[in-house]
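Down below is the structure, laid out as C-alpha cells.
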Amino acid sequence: MKNIAALLLLTVTLPLRAADTNAPAAVREPNLLAQIPDASHAPVRVTNTLSIAGERVTYVAETGMLPLLKPDGTSRASVFYVAYTRTDGAAGVKRPVTFSFNGGPGSASVWLHLGALGPRRVKMNDDGSLPAPPFALMDNPYSILNDSDLVFIDPVATGFSRPAKDEKPDEFFGDEGDLDSVGEFIRLWTTRHDRWLSPKFLCGESYGVFRAAGLAEHLRRRCGMYLNGLILVSGVLDFGTISGGPGNDLPYPLILPAYTAAAHFHKKLPADLQSDLPAALAEARAFAKGEFSSALLQGADLPADERKKVVAELARLTGLKPSVIEDNNLRVDPSVFRKQLLHEDGLILGAYDARLTGRDGDPASPGAGFDPASAAVMGPFSAAMNSYVRRELKFEDDLPYELIAGVQPWNYGVRNDFANASGRLAAVINQEPDLKILVLGGRCDLVCPIDTIRHSLNHMALADGYRKNISFAEFDAGHMMYINLPDLKKMQAEIGKFVRP
C-alpha cells in the first residue's frame with residue numbers, strides 16, 4: 001500500500017486525482033516565478049445553450065483570473081476559474097452554486113470540469129478507454145448545469161493560476177495555505193457575484209475531498225459561510241486508510257472489495273462469485289472486517305492452519321494465486337495486484353481504474369511499470385482544455401495550462417502521524433445539522449477505494465442523529481468513474497437529486 005500515497009499526489013484523483021485527483025501523469029515542475037499571469041485580465045463572457053434532460057439550458061460561461069490580495073492591497077496570487085451561470089428559468093440568488101476542484105495536490109480542475117460536471121466534455125470511448133488522436137470535445141447532456149451553477153477553481157500553480165511576483169510559491173503548498181487561498185477565492189467570488197444567499201455546495205475529487213472537508217470548516221470559521229452540502233468524489237479523509245506498511249495494516253482489508261470488483265470485471269473469480277457481484281462484494285467486506293482483520297492483527301501469532309484458510313479465501317476473493325498472497329505475507333500492495341491478476345495475459349491493470357489495461361514491457365518487474373488509466377486520460381483532457389479555453393471560452397494567455405503541477409513537498413501540518421480531515425468534517429456537521437454529504441466512489445478505484453472513506457466516516461466523532469445526512473453511491477468504474485458513460489449518467493442523477501432545493 002505504500003505506493004498509494006505517491007499515486008494520490010499525482011491526481012484526479014487524483015486522480016489522481018487525488019486525486020486526488022483527480023487524473024495522474026508525470027509531474028512537470030512549472031517555472032512559477034518566470035510565468036506570472038496578467039492579473040489585469042478582465043473576465044471573458046460567452047453565451048451558449050445546451051440540451052440537458054430534455055430541456056434547453058442557456059448559460060453564460062465566465063472565464064477569468066481573480067486576484068487574491070494581501071492586507072496592504074497588493075496581490076498574493078491570481079486564481080484562474082471558469083464559472084457557468086444559467087440565464088434562463090430560475091436564475092439569481094435562488095439558484096444553487098457548486099464550487100468544484102480536483103486533487104493532487106497539484107491538479108487543475110479540468111477532470112471534473114471537462115469529464116463530468118460542465119456543459120462540454122472530452123470525447124472518450126464509452127467505457128473510458130483511450131480514443132485515437134486527434135481528440136475532441138462534445139456537448140455534455142449529463143452536466144449538472146440544469147440544477148446548479150458551477151465554478152471550477154484551479155488552485156495556485158495549477159491551470160493558469162500563479163503566485164504574484166516575489167511571493168513564495170511554497171506558502172500555497174500546504175494544507176493551511178491551500179485552504180486559505182481557495183477559501184478566499186470562494187469568499188471573493190461569492191461576494192462579487194452576489195451569491196451569499198444562494199445554496200452553496202463544494203465538489204471535490206481525490207485530495208479535493210480532503211480539501212473540501214477542510215474548506216467547510218474554514219469557511220464557517222473564517223467567513224461565517226455555511227454550506228448546504230459536500231460532494232465527495234473518489235477521495236480520502238484519513239491518509240492512514242490508504243498508506244499501508246509496517247505498523248499500519250488498516251488499508252489491506254479496506255482495499256479488498258476493490259480487488260474483488262476488479263477481479264470480477266476481468267472474470268477471474270470462482271463461478272459462484274462471478275455470477276453475482278453484489279454477493280461477491282458482500283463476502284469480501286464481511287471477510288475483510290472479520291477473519292482477515294483478525295489474521296493481520298495476530299501477526300506472527302497467526303496459527304498455520306488459520307493462515308492457510310486466510311490465504312485460500314484471499315485467493316478466492318482476488319483471483320490471485322495463493323503463492324502471490326503468501327509471498328506478500330497476506331498484504332498485497334495494489335501495484336502487485338495490478339501486475340499479477342492478468343500476468344499470464346501479459347497485461348497490467350490501471351491504478352485509478354482497474355478495468356483498463358496495458359502492457360508495461362517488463363514481465364519480470366515485481367510491480368506495474370505505469371498506470372494505463374492515467375495514460376488513457378492525460379492526452380485527451382490536455383488537448384481538450386487547451387483548445388476549449390481559447391477557441392470556445394475566448395480566453396487568451398500564453399502561459400502553459402498546468403494540468404498536474406509540481407507542488408511538493410506539501411505541508412500536511414502533521415508530524416509522525418497520518419494527515420486526517422475527519423475531525424474537521426465532524427466538527428462542521430455537528431455545528432451545521434443541515435449539512436448534507438454525498439459520497440461517490442468507483443468499485444475499481446485502487447487509489448482511493450470507496451471502503452476507505454466509508455471507514456473514516458463511520459469512525460468520525462459525530463452525533464448519531466446526523467449520520468442520516470451522509471449518503472453513498474457506488475459506480476462500476478474507478479477513480480474517474482465519469483469517463484465510463486453509464487457511470488456518468490448515474491453521477492448526474494445522484495448529484496442532481498442532492499443539489500436540488
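Given C-alpha coordinates of segment 246-371, what is the ratio Rg to Rh with the Kirkwood estimate of Rh?
0.96
At a Cα cut-off below 21 Å, give the lysines reachable from K497, other chains included and same-chain residues fewer than 8 away excluded.
K94, K200, K436, K468, K489
In whole angstrom, how long is each semi-axis of the equivalent ellipsoid of segment 188-253, when you take the square root of 5 times every eigenvalue of its Cα gyration tensor and sort them from largest down?
32, 11, 8
Given a Förster radius of 35 Å and the C-beta distance between K394 and N430 as r, what FRET efficiency does 1/(1 + (r/R0)^6) yield to the nearest 0.05?
According to the calculation, E is roughly 0.20.
How much space per residue, in cubic angstrom, does the convex hull of the C-alpha atoms of segment 360-417 take up?
171
Whole-Hz ³J(HN,Hα) for each residue in segment 383-391, computed from phi via Karplus 6.51 cos²θ - 1.76 cosθ + 1.60 with θ = phi - 60°, x for glycine and proline: what do you get?
4, 5, 5, 5, 6, 4, 5, 8, 6
When ranked by the protection proxy of mean other Cβ atoms within 10 Å per residue, highest first, what sequence do the peptides 446-459, 401-414, 210-223 form?
446-459, 210-223, 401-414
So how much slack lies between D194 and K308, counting 0.36 nm per residue of separation and subtracting their Cα-Cα distance, in nm?
So the chain would gain 34.6 nm between D194 and K308.
Could you put R120, R307 in order, starting from the residue whose Cβ has the fewest other Cβ atoms within 10 Å?
Going from sparsest to densest Cβ surroundings: R307, R120.
Which of the aspartates and glutamates could a cross-linker bridge to K309, judged by Cα under 13 Å and excluding same-chain residues fewer than eight apart?
Hits, sequence-local ones excluded: E291, E326.
Cα convex hull of the chain: how many Å³ per residue?
Normalising the Cα hull of the chain by residue number yields 144 Å³.
Given the C-alpha centroids of segment 267-345 and segment 58-131, what is the distance between them in whole angstrom?
For segment 267-345 versus segment 58-131, the Cα centre distance is 41 Å.
Compute the distance in nm between two label points, each set 7 Å from the Cα along the Cα-to-Cβ direction, one at D327 and one at K165.
5.8
If each Cα of segment 237-288 is one equal point scatterer, what is log10 of I(q)/I(0) from the Debye formula at q = 0.21, 0.29, 0.32 Å⁻¹?
-0.73, -1.02, -1.15
Among all the lysines, which ones have a C-alpha under 30 Å from K168's C-alpha, if same-chain residues fewer than 8 places away are not counted?
K70
Work out the charge dipole of the chain with +1 on the Cβ of Lys and Arg and -1 on the Cβ of Asp and Glu about the Cα centre, then indicate which of L114, G54, S471 is farthest towards its positive end.
Of the candidates, G54 comes out farthest on the positive side.
Ranked by Cβ crowding within 10 angstrom, fewest neighbours first, how are W196, W189 ordered?
Sorted ascending by nearby Cβ count, the order is W196, W189.
Taking the convex hull of the Cα atoms, report for segment 351-467 its projected area averaged over all directions, in nm².
So the Cα hull casts an average projection of 12.4 nm².
Bear in mind that the values in this text are calculations on the coordinates, not laboratory data. Source: prediction; values computed, not measured. Quick reminder, even Gly has a Cβ in these numbers, built from the backbone with ideal geometry, and neighbours come from all protein chains shown.
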